[in-house]
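In what follows, a structure is listed as structure tokens, so that the remarks can point back to it.
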Amino acid sequence: MQRLVASLLLWCLLFPNLSLAENPLLIFSGDLRGEIKPCGCAEEGDLGGLPRRLTFFKQQQSQHSSLFYLDLGNNFPEPSGQGDLKIKLIQNALKKLRPQVVLVGPNEWQNGLHSLDPEIPYLLTNQSLKLPFLTSKIISQTGKQRIHVTGYLSPELVYFNQNENPKLLPVNQELISRWKDELVNKKAFRILLFRGNAHELQQFEESALFDLIVAGSTNDDELKQVMKMWTSSSVFPMIPTKGQGILSGKLSASGRFIPENNVNVPAGLTLTWLRGSFEDAPELAETFRNYDAAVKKLFFRNLDRMEKQRRESPFVGNGVCASCHAEIVASWQKSRHAHAFATLEKKGKHFDPECLACHVVGLKPWEAPENASATDRKFEGGTGFMSLQTTPHLKNVQCENCHGPARTHLENNKIKPANKDPKMICANCHQGSHSPVFDFETYWPKIKH
């Protein structure tokens with residue numbers, strides 16, 4: 001007896017944060033949508049990121065002996081060359097996070113199911129054909145409560161060829177009856193990871209099959225986060241969009257969640273924002289270095305083709321503008337726009353197309369406004385900046401970002417630049433977490449000319 005007491009005392013001294021009969025901590029996250037790390041453009045939008053998520057997990061693991069991570073998917077970006085590189089990074093990070101399940105989300109489906117790593121426990125319960133994913137997952141602890149996890153992805157969120165048999169089953173009485181037969185004799189706390197609309201959620205609620213339903217985010221505005229999804233009679237927890245926060249809770253033996261702090265959402269879950277106070281986990285540093293190197297290589301690919309395009313570019317750079325508009329260019333040189341490229345260089349992102357688009361002139365094909373002249377329209381689709389080496393005169397945010405390409409104006413000064421209302425252009429970059437406090441009336445005086 002004395003040995004037992006001594007052993008228990010030693011355990012408490014060595015592991016003061018762990019309980020011998022600790023309730024499991026459940027963590028819900030996901031919905032990165034390719035936002036692998038905060039861009040750093042604005043302090044107000046400095047939330048989320050995989051390195052901070054891993055730091056949060058490590059902190060929780062040091063405090064809880066029983067921790068289960070359930071990911072609601074939709075982590076992939078939209079399909080693109082750079083998107084493929086992000087998918088590789090995201091899945092490498094998920095392997096370090098070691099989730100119990102990851103729901104297949106709309107963006108995973110859009111990128112192609114072949115892109116999903118078989119080493120990651122992807123979950124899709126309403127699959128109609130035999131797909132290589134889990135249909136459910138039982139999480140259990142020896143002598144403790146079992147947790148049964150199911151995942152639903154609405155067919156309305158993915159594209160189907162109308163001539164093929166559907167690969168996803170919609171929620172209806174047939175599906176609910178089938179799931180009820182599978183769940184009825186399983187003594188477990190039943191969780192549904194849900195991606196769909198309010199009507200579908202209502203049907204699952206009325207089925208009474210689940211003890212907890214957590215929804216993937218339907219919100220596209222990270223500046224106005226929504227952590228709730230409503231039906232006509234209830235409200236359910238919904239994870240923050242773009243991976244900016246995490247929901248968690250300790251599950252008691254009675255099936256209720258014990259909040260971890262005062263920031264709570266429906267079902268008694270706790271919300272934690274991944275702010276700058278969470279340092280980047282060093283375990284992912286090499287993964288991000290490899291990603292940056294691959295993005296840089298992608299950017300410089302096909303440079304010969306881009307050289308030819310440079311000669312045909314409608315963008316001339318404000319060095320040309322200064323010959324007639326010296327006072328305006330002098331005013332511009334005092335603005336933050338004149339140092340936009342240096343902002344990316346400091347963060348090592350001066351080769352990242354997603355970032356460059358708002359920090360240089362004409363990276364994306366130019367779209368002529370409705371009132372553009374026929375002369376200007378011939379330049380529609382033209383681009384400008386390619387790299388600092390080949391087009392240094394087009395770095396930073398310049399006159400042509402707002403006024404449109406100036407080659408026609410240079411050739412004939414009676415033809416004014418194409419964009420007659422530059423104010424409408426501001427919101428293309430000053431939006432979301434990239435510029436969360438943007439207000440035209442406040443910002444305009446800083447560059448007024």
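Which fully enclosed helices (runs of 4 or more DSSP H) of the range 347-446 have 1 or more residues being under 30 Å from residue 296 (Cβ atoms) and touching a residue at least 40 places away in the same chain (Cβ under 8 Å)?
Here the list reads 353-356, 399-403, 407-411.
Tell me, yes or no, whether the range 186-199 has at least one residue that is modelled with pLDDT under 90, in the same structural domain as residue 100 (by TED's automatic domain parsing), closer than 23 Å to residue 128 by Cα and charged (D, E, K, R).
yes
Can you find a residue that is part of a loop (DSSP other than H, G, I, E, B), in contact with a helix residue (DSSP H, G or I) (Cβ under 6 Å, 6 or more places away or on another chain), aliphatic (A, V, I, L, M) and assigned by TED's automatic domain parsing to the domain that holds residue 137 anywhere in the range 159-169?
Within the range 159-169 (the criterion being part of a loop (DSSP other than H, G, I, E, B), in contact with a helix residue (DSSP H, G or I) (Cβ under 6 Å, 6 or more places away or on another chain), aliphatic (A, V, I, L, M) and assigned by TED's automatic domain parsing to the domain that holds residue 137), the answer is yes, since at least one residue qualifies.
Regarding residue 294, is this residue out of contact with any His (no Cβ under 9 Å at 6 or more places or on another chain), outside the structural domain of residue 57 (by TED's automatic domain parsing) and aliphatic (A, V, I, L, M)?
Yes, satisfied.
Which condition breaks for residue 341 when tested against (1) out of contact with any helix residue (DSSP H, G or I) (no Cβ under 8 Å at 6 or more places or on another chain); (2) at pLDDT below 90; (3) buried (at least 17 other Cβ atoms within 10 Å of the Cβ)?
(2)
Counting only residues that are touching a residue at least 60 places away in the same chain (Cβ under 8 Å) and of a type in the set (S, T, N, Q), how many does the range 84-113 have?
Going through the range 84-113 one residue at a time, the tally reaches 2.
Would a scan of the range 124-134 turn up a residue that is in contact with a His (Cβ under 8 Å, 6 or more places away or on another chain) and free of Cβ contacts under 8 Å to residues at least 40 places away in the same chain?
Looking for residues that are in contact with a His (Cβ under 8 Å, 6 or more places away or on another chain) and free of Cβ contacts under 8 Å to residues at least 40 places away in the same chain, one finds none in the range 124-134, hence no.
Inspect the range 205-227 for any residue being surrounded by fewer than 19 Cβ atoms within 10 Å (Cβ to Cβ), on the phi < 0 side of the Ramachandran plot and of a type in the set (Lys, Arg) and give the result as yes or no.
Within the range 205-227, one or more residues are surrounded by fewer than 19 Cβ atoms within 10 Å (Cβ to Cβ), on the phi < 0 side of the Ramachandran plot and of a type in the set (Lys, Arg).
Being in contact with a Ser or Thr (Cβ under 9 Å, 6 or more places away or on another chain), among the β-branched types (Val, Ile, Thr) and surrounded by fewer than 14 Cβ atoms within 10 Å (Cβ to Cβ) is true for just one of 246, 258. Which residue is that?
Unique residue meeting the criteria: 258.
Among the candidates 212, 271, 247, which residue alone is in contact with a Phe, Trp or Tyr (Cβ under 6 Å, 6 or more places away or on another chain), of a type outside the set (Gly, Ala, Ser) and either outside the structural domain of residue 184 (by TED's automatic domain parsing) or in contact (Cβ under 8 Å) with a residue 40 or more places away in the chain (or both)?
Residue meeting the stated conditions: 247.
Would you tally the residues in the range 360-382 being β-branched (Val, Ile, Thr) and touching a Ser or Thr at 6+ places or on another chain (Cβ under 7 Å)?
Residues in the range 360-382 being β-branched (Val, Ile, Thr) and touching a Ser or Thr at 6+ places or on another chain (Cβ under 7 Å): 1 in total.
When residue 309 is evaluated against the numbered criteria (1) over 30 Å from residue 200 (Cβ atoms); (2) modelled with pLDDT of 90 or more, which criterion, by number, is the only one it fails?
(2)
Residue 404 - would you say it is among the small types (Gly, Ala, Ser) and over 20 Å from residue 427 (Cα atoms)?
Taking the combined requirement at face value, the residue does not satisfy it.
Limited to the range 376-403, what total is found for residues that are of a type in the set (Asp, Glu) and surrounded by 18 or more Cβ atoms within 10 Å (Cβ to Cβ)?
2
Output the number of the condition that residue 22 fails; it satisfies all remaining conditions of (1) acidic (Asp, Glu); (2) more than 30 Å from residue 255 (Cβ to Cβ); (3) surrounded by fewer than 21 Cβ atoms within 10 Å (Cβ to Cβ).
Every listed condition holds for residue 22 apart from (2).
Listed residues 83, 48; which is part of a helix (DSSP H, G or I) and within 23 Å of residue 222 (Cβ to Cβ)?
Criteria check complete, one pass: 83.
The values are calculated or read from the model by the stated rules, or taken from the named source; none is laboratory data. These numbers come from a predicted model, not from an experiment. Neighbour counts are summed over all protein chains in view; Cβ atoms, including those assigned to glycine, are modelled from backbone coordinates with ideal geometry.
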